[in-house]
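The next block holds one structure in the form of structure tokens; read it before the comments.
The values are calculated or read from the model by the stated rules, or taken from the named source; none is laboratory data. The model shown is predicted, which means the values in this text are computed figures rather than measured ones. Note that we place each Cβ from the backbone using ideal geometry, even for glycine, and neighbour counts take in every protein chain shown.
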Amino acid sequence: MAEEVKQDFSQTGGQILTFISDEKVYAFKITDVTDIIEIPEITFIPRTPDYIPGVINLRGKVVPVIDLRRKLGSPDFEYDAKSCMILVESGVYQAGVLVDRVNDVENVIPAQIAQNPVKDSTESCFITSSATKDRISLLNTRKLIKD
Amino acid sequence: MPKFESGMEGMLDMFVFETGDLLEKLDDILMRTEQEDAIGTDDMNEIFRTMHTIKGSAAMMGLSNMSTLAHAVEDLFFIIREDPTVTYDKPALYELLFASSDNLKYELENIQDESIPLTDFSELEAKIHAFAEVMKGGSAPAAPAGGSDKESAGEDFGYDGIFEDGEDENILTYKIVYSQACAMPSMRALVLMRALGKIAKVVKTFPVDLDADSADDDIAEKGLYIKLTTGSAEKVEELFGDALNVESFKRVEKPKKEEKPKEEAAPEQKVQAPKPAPAKAAPKKAPEKHEQAMLSVKLDKLDRLLDLVAEIVITEGSVISSPDIRNAGGNFDRFNKSARELKKLTDELQDVVMSIRMVPVSTAFQKMNRVVRDMNTKLGKNVTLTFVGQETEVDKSIVDLLNDPLMHIVRNAVDHGIEMPEERAAAGKTEPATVTLSAGYDSSEVVISCRDNGAGMDKSKLMAKAKKNGLLTKPESEYTDKEIYNFVVAAGFSTNEKITEYSGRGVGMDVVKQNLEKVGGKLIVDSVFGEGSTFTIRIPLSLSIVDVMSVDVGQTNFSIPITSINEAFSCTRDRYIKDADGNEFIMQRGEAVPLIRLGKHFSISEAEDDITKGIMIECENVNNRAILMADRITLDQQVVVKPFPAVLSDMKLKEAGMSGCSVLGDGSITIILDVQEIMNSSLK
């Protein structure tokens, strides 16, 4: 199912939320993003992989946190006041993703999108920003938070 | 083609729920009357009413197969009711009735699946009709089916005054003929009227009163006439064309010559046809009277309510113990008084909401009657099923969950546990073969057990089989009786040499065990050779609000359910023992109790190491006792257990001893521990 949605995106384009992690520009489809918040207090849960620093209380709901740097194998980073947590959702799965800082919302058209030929990878397509000419990696939300 | 009338999707849930309920009740009555060997008038009426309601609602949904089947059964009972002296083959009758009930249930289950076509019940119906014929033949020759004489009436409209003089030119008149298979054309007509209401104005129908008892027969005989005005005749015709069971429809023109239709007997008097129309209506009114006090509510609404109440309890805690108030100083007498009032009210609210969800386990037990009955017929074992404590109330979700495990266990008891009558006689057993289902509470658990007085299990046989299947993990001599009996529920373990319809593949019990474990339940097997076996299910009362003692370990807050805690104490060094293998113990009342350091168990590096500085919590459950060590106790409180978020579901947190988490009043999160799992994984 995730595959279909992704396919659609490379054909239809749409809005994306871009952000930076380890000096690289990434993006989520705006439809996957539910919220952007300051980093709240994180409660450690034992016996979880190290890219999950714990869970947060999001208005009474317990939501797991994913450290994007650790998940993608980048060096650790002292998250500061500019850092954010992007809350994303894919089906029943919901998670807060820790990023260095959030950039912008961009509108992209199919011409800017190049599909990742590797099926079901964490970065589903590569987008060339129309404003900055940056190379943006669109993350596969489902794959990032569940696998 | 959709299975049911369009526009009825919203009613589907209700239909499935109500019909399922009715079928359950029907089964109960059938079981009882079969045992008592007599059908009383009340039961007869009840069965009649049930079938009639099912027929009606199935017809409303457009499920003609269900409604005709229900109709056939109704006819059967009509014969019995009209002539109580009629003689018939009782076992065969019950076989037919149970088969009908099963078929209807099956159809209900599949109703939402578009890929499964509607089942054709015509074979079963034919059997029922044949049976009915035999019965009729046995009694006084029944009145020949009347009413067919009207069919040859041709263009005769059959109703008086369809076309009045000086009628508005714009009024269109349609004649609709329903197919023979349609059990309750009046019901279909009502549905059709409702749909019509959106696109046309119905002026009049013939028969005039579609709710009337005679409407069904009138429509079947003479067709349905609808007089309406509309802006779009095409749309109306399209609607007629799409409606279920409509065989034909045509627009009728006002006859040129005003010819009075033949003055036939009034429709009401013609109803001597096989369908007992007037009789139907009377019993239908009765159940409504005493069901008014009950209300069926969707379960997810109750879940939501429970969630909300839980949140209120927690929020109340955070308001009352808010640091702002504590730091403000001054006199808080009035505040404290109000706070106590509030606490009382929320406690009561919580109790009430919990009690709404409580249902007696009898609903799950009653279904087993049927299982045992069927097996008795097939296996000839003549087992009696008895219930103890069936009024025990448990959360609705638990009752739903019990159905499958109980079915497996009861089948197992009847098939494997109870011997054949000859064997029982040979073993000198005089008491009747009995399977007893009992229910009760034990601390915070519901205990359901199934005891049979059959052959029991042979330990040496079990052991040999376990050995053969390679299930042994330690030397044979080290196995306790309990462990040996529990082989029975291991995967692929069946001591039955023969595979029967009911059991013997060794799959069922394993699945039962796993399903129970998923919800924190346990399955315990015990047996005495020659005297019988007992299967016991223990499931935690699904109370999502639990009393816990919260402790800190390093930076992490854990909560231990109070029900597993014996005592909490500070420890002195002289009570500490460490054996040669590195196992740690604390001397507690003369016994060495294993010590589990939570910090070590959860790999939390900053946890307290010194046993004299930490806090010891002695925990106990059915099989084990252990002392958990934490850094410090933070507080006793009530928490709402929430499952871990879906993202973490594959991370085996439950197996590591964490059953869920909870958001506390101050917004922080605590992890709820499952002491049983911690002991299991630490004390190997």
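Looking at A:I56, A:I16, A:I37 in this structure, which one is surrounded by 21 or more Cβ atoms within 10 Å (Cβ to Cβ) and within 14 Å of chain B (Cβ to nearest Cβ)?
Checking each option against the conditions leaves just A:I56.
Inspect the stretch A:66-89 for any residue being without any contact (Cβ under 8 Å) to a residue 40 or more places away in the chain, within 14 Å of another protein chain (Cβ to nearest Cβ), closer than 29 Å to B:P643 by Cα and not hydrophobic (A, V, I, L, M, F, W, C) and give the result as yes or no.
Checked the stretch A:66-89: at least one residue is without any contact (Cβ under 8 Å) to a residue 40 or more places away in the chain, within 14 Å of another protein chain (Cβ to nearest Cβ), closer than 29 Å to B:P643 by Cα and not hydrophobic (A, V, I, L, M, F, W, C).
Yes/no per residue for (1) modelled with pLDDT of 80 or more; (2) surrounded by 20 or more Cβ atoms within 10 Å (Cβ to Cβ); (3) not assigned by TED's automatic domain parsing to the domain that holds B:T384:
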position	(1), (2), (3)
B:M463	yes, no, no
B:L471	no, no, no
B:E476	no, no, no
B:V489	no, yes, no
B:G492	no, no, no
B:E501	no, no, no
B:K522	no, no, no
B:G554	yes, no, yes
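If you take the residues of the stretch A:21-34 that are of a type in the set (D, E) and either surrounded by fewer than 20 Cβ atoms within 10 Å (Cβ to Cβ) or within 12 Å of chain B (Cβ to nearest Cβ) (or both), which of them is farthest from A:K143 (Cα to Cα)?
A:E23
How about the stretch B:124-139: which of its residues are loosely packed, with under 12 Cβ neighbours inside 10 Å and either modelled with pLDDT of 80 or more or not assigned by TED's automatic domain parsing to the domain that holds B:A58 (or both)?
Matches in the stretch B:124-139: B:A126, B:A130.
Kindly list, by first and then second residue, each pair from a residue in the stretch B:25-38 that is over 20 Å from B:A364 (Cβ atoms) to a residue that is modelled with pLDDT under 80 and not in a helix (DSSP H, G or I), limited to pairs with Cβ atoms under 9 Å and residues at least 6 apart or on different chains.
From the stretch B:25-38, the pairs are B:T33/B:I39; B:T33/B:G40.
Does B:S681 qualify as being within 11 Å of another protein chain (Cβ to nearest Cβ), of a type outside the set (D, E), under 16 Å from A:F44 (Cα atoms) and out of contact with any Leu (no Cβ under 8 Å at 6 or more places or on another chain)?
Here the answer is no, as B:S681 does not meet what is asked.
Could you grab me the full set of residues in the stretch A:43-53 that are surrounded by 15 or more Cβ atoms within 10 Å (Cβ to Cβ), facing chain B (nearest Cβ under 9 Å) and part of a loop (DSSP other than H, G, I, E, B)?
Those that are surrounded by 15 or more Cβ atoms within 10 Å (Cβ to Cβ), facing chain B (nearest Cβ under 9 Å) and part of a loop (DSSP other than H, G, I, E, B): A:F44, A:I45, A:P46, A:R47, A:T48, A:I52.
Have a look at B:D610, B:D574 and point out the one that is more than 14 Å from chain A (Cβ to nearest Cβ) and either among the basic types (K, R) or part of a loop (DSSP other than H, G, I, E, B) (or both).
Result: B:D610 is the single residue among B:D610, B:D574 that is more than 14 Å from chain A (Cβ to nearest Cβ) and either among the basic types (K, R) or part of a loop (DSSP other than H, G, I, E, B) (or both).
Among the residues of the stretch B:349-365, is there at least one that is outside any loop (DSSP other than H, G, I, E, B) and closer than 23 Å to B:E431 by Cβ?
Yes, the conditions are met somewhere in the stretch B:349-365.
Out of the helices (runs of 4 or more DSSP H) lying entirely within the stretch B:263-326, which hold 3 or more residues that are outside the structural domain of B:A70 (by TED's automatic domain parsing) and modelled with pLDDT under 65?
B:267-270, B:277-291
Taking the stretch A:93-121 as the region of interest, how many residues are in a loop (DSSP other than H, G, I, E, B) and either within 14 Å of another protein chain (Cβ to nearest Cβ) or touching a Cys at 6+ places or on another chain (Cβ under 8 Å) (or both)?
Qualifying residue count, the stretch A:93-121: 1.
Check every one of the helices (runs of 4 or more DSSP H) wholly within the stretch B:41-117 and list those with 2 or more residues that are farther than 22 Å from B:V371 by Cα and under 26 Å from the mean Cα position of the chain (by Cα).
It comes to B:41-61, B:64-82.
What residue, among those in the stretch B:618-657 that are assigned to a loop (DSSP other than H, G, I, E, B), touching a strand residue (DSSP E or B) at 6+ places or on another chain (Cβ under 9 Å) and farther than 15 Å from A:R47 by Cα, is nearest to the other protein chains (Cβ to nearest Cβ)?
Among those that are assigned to a loop (DSSP other than H, G, I, E, B), touching a strand residue (DSSP E or B) at 6+ places or on another chain (Cβ under 9 Å) and farther than 15 Å from A:R47 by Cα, it is B:P643.
A:V92 is checked against (1) surrounded by fewer than 18 Cβ atoms within 10 Å (Cβ to Cβ); (2) touching a residue at least 12 places away in the same chain (Cβ under 8 Å); (3) of a type in the set (A, V, I, L, M) and fails just one. What number does that condition carry?
(2)
Scan the stretch B:372-416 for residues that are among the acidic types (D, E) and free of Cβ contacts under 8 Å to residues at least 60 places away in the same chain and jot them down.
Answer for the stretch B:372-416, where residues must be among the acidic types (D, E) and free of Cβ contacts under 8 Å to residues at least 60 places away in the same chain: B:E391, B:E393, B:D400.
For B:F558, only one of the following conditions fails: (1) surrounded by fewer than 19 Cβ atoms within 10 Å (Cβ to Cβ); (2) within 14 Å of another protein chain (Cβ to nearest Cβ). What is its number?
(1)
Listed residues B:D27, B:D43, B:D13, B:D89; which is of a type in the set (D, E, K, R) and modelled with pLDDT of 80 or more?
B:D27
Among the residues of the stretch B:666-678, how many are over 32 Å from the mean Cα position of the chain (by Cα) and either away from every other protein chain (no Cβ under 11 Å) or aromatic (F, W, Y) (or both)?
Of the residues in that region, 1 qualify.
Quick check on B:I577: is it outside the structural domain of B:K429 (by TED's automatic domain parsing) and either modelled with pLDDT of 85 or more or hydrophobic (A, V, I, L, M, F, W, C) (or both)?
yes
Residue-by-condition table, conditions (1) surrounded by 19 or more Cβ atoms within 10 Å (Cβ to Cβ); (2) closer than 30 Å to B:A646 by Cα:
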{"residue": "A:N107", "(1), (2)": "no, no"}
{"residue": "A:Q112", "(1), (2)": "no, no"}
{"residue": "A:P117", "(1), (2)": "no, yes"}
{"residue": "A:S124", "(1), (2)": "yes, yes"}
{"residue": "A:T128", "(1), (2)": "no, no"}
{"residue": "A:L139", "(1), (2)": "yes, yes"}
{"residue": "A:L144", "(1), (2)": "yes, yes"}
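Mind checking whether some residue in the stretch B:591-605 is part of a strand (DSSP E or B), more than 14 Å from chain A (Cβ to nearest Cβ), crowded, with 18+ Cβ neighbours inside 10 Å and of a type outside the set (D, E, K, R)?
yes
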